[in-house]
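**Q** There's a structure below that I have some questions on.
The values are calculated or read from the model by the stated rules, or taken from the named source; none is laboratory data. From a predicted model like this one, the values you see are computed outputs, not experimental measurements. Here the Cβ positions follow ideal geometry from the backbone for every residue, glycine too, while neighbour counts run over all protein chains shown. Heads up: the accessible areas ignore ligands, DNA and RNA and are worked out on the full protein's heavy atoms, side chains in. Shrake-Rupley method; radii C 1.70, N 1.55, O 1.52, S 1.80 Å.
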Amino acid sequence: MHRPDEWWRGAAIYQVYVRSFADANGDGVGDLAGVRSRLPYLVELGIDAIWFSPWYASPMADGGYDVADYRAIHPAFGRLQEAEQLIAEALAHGIRTIVDIVPNHVSDQHPWFRQALDAGPGSPERERFWFRPGRGPAGELPPNNWKSQFGGAAWTRIPDGQWYLHRFAAGQPDLNWQHPEVRREHEDVLRFWFDRGAAGVRVDSAAEVMKDPALPDLMEGRQPHPYFDRDEIHDVYRDWRKVAESYARPRALIGEVWLPDPARFARYLRPDELHTAFNFGFLTCPWDAGRLREAIATTLAAHAPVGAPATWVLANHDVTRTVTRYGRAETGFDFAAKARGIPTDLELGRRRARAAALLSLALPGSVYLYQGEELGLPEVEDLPAAVIEDPMFHRTGGADPGRDGCRVPLPWTGAAPPFGFSANSQGAVGGTAGTVVAEPWLPQPNSWSELTVEQQAADPSSMLTLYRRALRLRHSEPGLGDGTMAWLPSGPEVLAFTRAPGFACVANLGKEPVALPAHRQVLLSSVELTDHLLPPDAAVWLRSA
């Protein structure tokens with residue numbers, strides 16, 4: 001039996017990328033006041049919790065994932081008091097708050113790193129990080145052959161001749177998690193936000209925190225891996241679990257765990273570690289019935305032995321938007337395969353995204369919805385190079401198009417940019433209409449005039465209406481959310497399953513219509529149905545017979 005306060009087991013969680021959600025002061029950058037002004041929208045959408053991408057003080061070398069101070073809010077977003085207000089106001093609406101923690105690294109502007117640079121080689125301050133002398137006759141070569149996730153070497157040399165490790169951008173020095181001060185500091189950060197009402201934390205790059213202290217070269221087949229999924233990391237999350245469970249209402253720990261091995265993945269979800277983890281096998285899976293069936297079955301099988309709920313996610317702030325991806329010949333997602341100029345059939349992609357929404361919302365466990373997916377927003381693939389900020393783009397010389405295309409500010413109202421994103425623009429919340437406002441930090445396509453919240457709220461066939469209806473049913477149907485499922489007999493291109501009591505979901509990924517199974521009522525369909533047939537690239541929720 002699960003405790004009634006384990007809300008994370010079946011929650012619908014909405015990811016807010018603050019910078020691009022809503023701008024209350026008209027400077028072109030989203031902020032906490034903008035989120036507060038749009039809470040009624042999120043209430044009507046029907047979500048249970050908001051996961052906020054990092055909102056902390058940061059120089060924004062990597063979209064806020066380079067944290068300079070966990071106890072301060074980025075000035076562009078607001079102040080700490082506003083974050084506390086937002087957490088409280090959201091909870092008053094029945095919406096919990098999840099904050100982002102980035103344990104692998106901090107910003108190069110973090111006080112610890114500035115102290116380390118000033119203190120010099122061999123100092124205690126440098127022991128919190130990975131400073132090492134270089135190789136070669138004059139130390140001119142990096143200490144090992146590790147590569148950055150964003151391209152290039154994972155090491156940067158400083159004027160005194162030492163190098164420091166950064167598995168991501170140069171502005172994100174990796175922390176040394178063997179150091180007790182690093183562990184204590186992060187436990188204090190957890191308490192800081194839990195004390196302010198946060199209901200949980202999302203742990204960024206959760207499997208990449210620990211490093212082999214010898215820092216050996218990365219070689220094919222080397223086990224254990226020198227920086228990925230090392231066994232020592234589990235002691236860290238056991239300590240974090242103790243912190244989370246020290247509260248009268250336990251807080252949730254949610255991991256970003258990119259692991260291909262289901263058994264290794266499940267180790268992070270043992271009863272004394274993380275509560276849930278993102279399901280990237282499902283997110284990256286192509287629009288293929290056999291592959292999706294396998295991903296679903298593998299996910300449920302991996303979670304069952306540890307008693308953890310599965311999670312389902314179609315998109316986030318790092319991956320190509322669903323409508324665009326599902327409209328391509330290759331519908332899966334792989335960072336290595338990202339490129340410019342890939343043809344996309346947006347009409348087909350939107351049809352599949354609608355079906356995928358019903359499929360994911362019907363599966364057992366919790367579900368994550370990235371802002372703008374409920375509007376069917378496509379990836380913006382023609383951003384000018386001059387406005388792109390993502391280090392993935394810059395460190396690869398533009399070979400990787402980067403992730404800013406899925407981070408373009410949301411369209412709320414009106415017929416032209418900024419579509420109500422900024423206060424004082426047409427239809428925006430707060431301010432006086434007609435005042436000149438700053439351009440959004442990333443430009444919005446003119447074609448988004450058909451995709452605004454205002455347009456879709458009035459359209460019974462829109463993506464927004466579909467999500468609102470689905471999330472409403474997810475709350476009212478006792479068989480949805482946490483629980484079990486059972487596959488129904490179906491053809492190879494169909495995914496069909498039941499959720500007790502009396503609920504069925506059918507998704508047709510084939511090229512021909514299929515007959516619906518026996519049922520008493522159609523609860524919701526991604527397309528209009530005729531003659532009891534489910535068309536291709538469509539899904540339906542049924543009251544089973």
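**Q** Using the basic label-point model (7 angstrom from Cα toward the beta carbon), what is the Met219 to Leu300 distance in nanometres?
**A** Reported label-point gap for Met219 and Leu300 is 4.3 nm.
**Q** ³J(HN,Hα) across segment 362-377 via Karplus (A = 6.51, B = -1.76, C = 1.60, θ = phi - 60°), whole Hz, x for Gly/Pro?
**A** 8, 6, x, x, 9, 9, 10, 10, 7, 3, x, 5, 5, 9, x, 5
**Q** Counting DSSP beta bridges in the chain, what percent are antiparallel, to the nearest 5?
**A** Antiparallel bridges make up about 55 percent of those DSSP assigns within the chain.
**Q** Give me the 1.4 Å probe accessible area per residue for segment 412-544, excluding ligands and nucleic acids, in Å².
**A** 46
**Q** Heavy-atom accessible area of Leu314 with all protein chains present, probe 1.4 Å, nearest 10 Å²?
**A** 20
**Q** Right, here's the next one. Nothing charged except the Cβ atoms of Lys and Arg (+1) and of Asp and Glu (-1): what's the magnitude of the dipole of segment 73-170 about its Cα centre? Round to the nearest 20 debye.
**A** Details: 10 positive and 10 negative charges, 84 e Å.
My answer is approximately 400 debye.
**Q** Let me have the relative contact order for segment 492-545, percent, based on Cα pairs under 8 Å that are six or more residues apart.
**A** For segment 492-545, the relative contact order is 40 percent.
**Q** Normalised by the residues of the chain, what does the relative contact order come to in percent, with Cα pairs under 8 Å and at least six apart?
**A** Once normalised by length, the contact order is 14 percent.
**Q** Can I ask one more? Return the lysines within reach of Lys211: Cα separation strictly under 22 angstrom, same-chain partners fewer than 8 residues apart disregarded; answer none if there are no such residues.
**A** Lys147
**Q** Further question on the same structure: Residues of segment 221-278: accessible area per residue at 1.4 Å, in Å²?
**A** On a per-residue basis, 43 Å².
**Q** Tell me, what HN-Hα J-couplings in whole Hz come from the Karplus equation 6.51 cos²θ - 1.76 cosθ + 1.60 at θ = phi - 60° for each residue of segment 281-292, using x for Gly and Pro?
**A** Coupling constants for segment 281-292: x, 6, 4, 7, 5, x, 7, 9, 4, x, 5, 5 Hz.
**Q** Report the label-to-label distance for Leu533 and Glu187 in nanometres (one decimal), using points 7 Å from each Cα along the Cα→Cβ vector.
**A** According to this spin-label approximation, the distance is 6.4 nm.
**Q** In deg cm²/dmol, rounded to 500, what helix-only [θ] at 222 nm does the chain give when every DSSP H run of at least 4 residues adds -39500 (n - 2.57) and the total is split over its residues?
**A** Dividing the helical sum by the residues of the chain leaves -7000 deg cm²/dmol.
**Q** Near the amide H of Trp155, under 5 Å away, which other amide H atoms are found, from residues 5 or more places off or on another chain, if H is placed in the peptide plane?
**A** Here the answer is His166, since their amide H atoms fall under 5 Å of that of Trp155.
**Q** Moving on to the next point. Rank these by accessible area, largest first, 1.4 Å probe: Glu273, Glu330, Glu82.
**A** Details: Glu273 0, Glu330 150, Glu82 30 Å².
Sorted descending by solvent-accessible area, the residues read Glu330, Glu82, Glu273.
**Q** When every alpha-carbon pair in segment 318-469 is counted, what percent end up more than 25 Å apart?
**A** 34
**Q** Additional query: How large is the translational diffusion coefficient of segment 133-290 in µm² per second when you combine the Kirkwood radius over alpha carbon pairs with Stokes-Einstein at 4 °C and 1.567 mPa s?
**A** 74
**Q** Which residue, chosen from Thr344, His225, Ala302, occupies the Cα position most advanced towards the positive end of the dipole of the chain, where the dipole is computed from +1 (Lys, Arg) and -1 (Asp, Glu) charges on Cβ about the Cα centre?
**A** Result: Ala302, furthest along the dipole toward the positive end.
**Q** I've got another one for you. If amide hydrogens are placed 1.01 Å from N in the peptide plane, which non-local residues have theirs closer than 5 Å to the one on Arg135?
**A** For Arg135, whose amide H was placed from the backbone, the distant partners under 5 Å are Leu141.
**Q** Follow-up. Leu369's amide H: which non-local residues (gap 5+, or another chain) put their own amide H closer than 5 Å, with H modeled 1.01 Å from N in plane and none for Pro or chain starts?
**A** Ile13, Tyr14, Gln15
**Q** Assuming 1.567 mPa s and 4 °C, estimate D for segment 36-95 with Stokes-Einstein, Rh taken as the Kirkwood radius over Cα pairs, in µm²/s.
**A** 104
**Q** Rounded to the nearest 20 Debye, what is the dipole magnitude of the chain about its Cα centre when Lys and Arg each give +1 and Asp and Glu each give -1 at the C-beta?
**A** In debye, rounded to 20, the chain gives about 1020.
**Q** Quick one: ranking Met485, Met219 by accessible area, 1.4 Å probe, largest first, what do you get? Working shown, then result.
**A** Values: Met485 40, Met219 105 Å².
Result, largest first: Met219, Met485.
**Q** Next question, about the same structure. Once the cut-off is 15 Å, how many percent of the Cα-Cα pairs in segment 149-236 end up in the long-distance tail?
**A** It works out to 68 percent of all Cα pairs.
**Q** So how far apart, in nm, are the two label points at Arg543 and Glu6 if each is 7 Å from Cα heading toward Cβ?
**A** 3.1
**Q** Give the span of segment 282-380's Cα atoms along each principal axis, as three whole-Å numbers ordered largest to smallest.
**A** Principal extents (largest minus smallest coordinate, Cα): 43, 26, 23 Å.
**Q** Here is a follow-up. Just the number, please: carbon plus sulfur as a percent of the accessible area of segment 471-524, 1.4 Å probe, no ligands or DNA/RNA counted.
**A** Details: 1560 of 2690 Å².
Its accessible area is 58 percent carbon and sulfur atoms.
**Q** Right, another one. Net charge near Ala198, counting Lys/Arg +1 and Asp/Glu -1 over other residues with Cβ under 12 Å of its Cβ?
**A** Result for the neighbourhood of Ala198: +3.
**Q** Give me the extension gain from Thr484 to Arg249: residue separation times 0.36 nm, minus the current Cα-Cα distance, reported in nm with one decimal.
**A** 82.1 nm
**Q** Relative contact order (percent) for segment 1-157, with alpha-carbon contacts under 8 angstrom and 6 or more residues of separation? Before the final figure, lay out each step's value.
**A** Numbers: 218 pairs, mean separation 25.3, N = 157.
About 16 percent, as a whole number.
**Q** While we're looking at this one, here's another question. What are the ³J(HN,Hα) couplings of segment 304-318, residue after residue, when phi is run through the Karplus curve with 6.51, -1.76, 1.60 and θ = phi - 60°? Round to Hz, x for glycine and proline.
**A** Each residue of segment 304-318 in turn: 4, x, 9, x, 8, x, 6, 10, 10, 8, 9, 7, 7, 6, 10 Hz.
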